[in-house]
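Visitor: The structure follows.
The values are calculated or read from the model by the stated rules, or taken from the named source; none is laboratory data. Model, not experiment: these values are computed from the prediction. We work out accessible area using only protein heavy atoms, side chains counted, and drop any ligands, DNA or RNA first. Shrake-Rupley method; radii C 1.70, N 1.55, O 1.52, S 1.80 Å.
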Amino acid sequence: MISVDEKIKREAEVLLNQMGLTMTAAINIFLKRIILEQDITFEVSTRIPNATIKAAMDEFEEMKKNPETYKRYPNFRAAKEANGK
């Protein structure tokens, strides 16, 4: 039996549900990984991109759809030099 702050529990349950996990399953994963790693060194995430990553992904998709709109460079160094970096 463990005590958990109700607000934290509710917020966690929403995210765990999005990941297809129950609270019990998540706690078991957590404890098994602690035993396996002898540390707390893992990440479980919904992988929802933040605004900056989302904008970069959208820009990439736009570039793939309309490559003729964007200048191309033979290599990374040429791109850096052309952009004053």
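Visitor: Find how much the distance from residue 48 to residue 30 grows on full extension, using 0.36 nm per residue of separation minus their present alpha carbon separation; answer in nm with one decimal.
Guide: 4.4 nm
Visitor: Mind listing the phi-derived Karplus ³J(HN,Hα) values for the range 69-81, rounded to whole Hz, using 6.51, -1.76 and 1.60 with θ = phi - 60°, and x for any glycine or proline?
Guide: These are the phi-based 3J(HN,Hα) values: 7, 10, 5, 10, 10, x, 7, 5, 4, 4, 5, 4, 5 Hz.
Visitor: OK, next. Over all pairs of distinct alpha carbons, what does the Kirkwood formula give as the hydrodynamic radius of the range 1-82, in Å?
Guide: Evaluated over the range 1-82, this radius sits at 17.1 Å.
Visitor: Moving on to the next point. Give a residue-ordered list of calculated ³J(HN,Hα) values for the range 15-23 (Karplus: 6.51 cos²θ - 1.76 cosθ + 1.60, θ = phi - 60°; whole Hz; x for Gly, Pro).
Guide: After applying 6.51 cos²θ - 1.76 cosθ + 1.60, I find 5, 4, 4, 5, 8, x, 10, 8, 4 Hz.
Visitor: Taking θ = phi - 60°, what integer Hz values does the Karplus form 6.51 cos²θ - 1.76 cosθ + 1.60 yield along the range 38-50, in sequence order, with x for Gly and Pro?
Guide: Residue by residue, the range 38-50 yields 6, 5, 10, 9, 9, 10, 10, 9, 7, 6, 7, x, 6 Hz.
Visitor: If you roll a 1.4 angstrom probe over the protein chains with everything in place, what fraction of the accessible area of the chain belongs to carbon and sulfur, to the nearest %?
Guide: It is 57 percent, rounded to a whole number.
Visitor: Right, here's the next one. Near residue 65, which lysines are there with a Cα under 25 Å away, not counting those fewer than 8 places off in the same chain?
Guide: 54, 80
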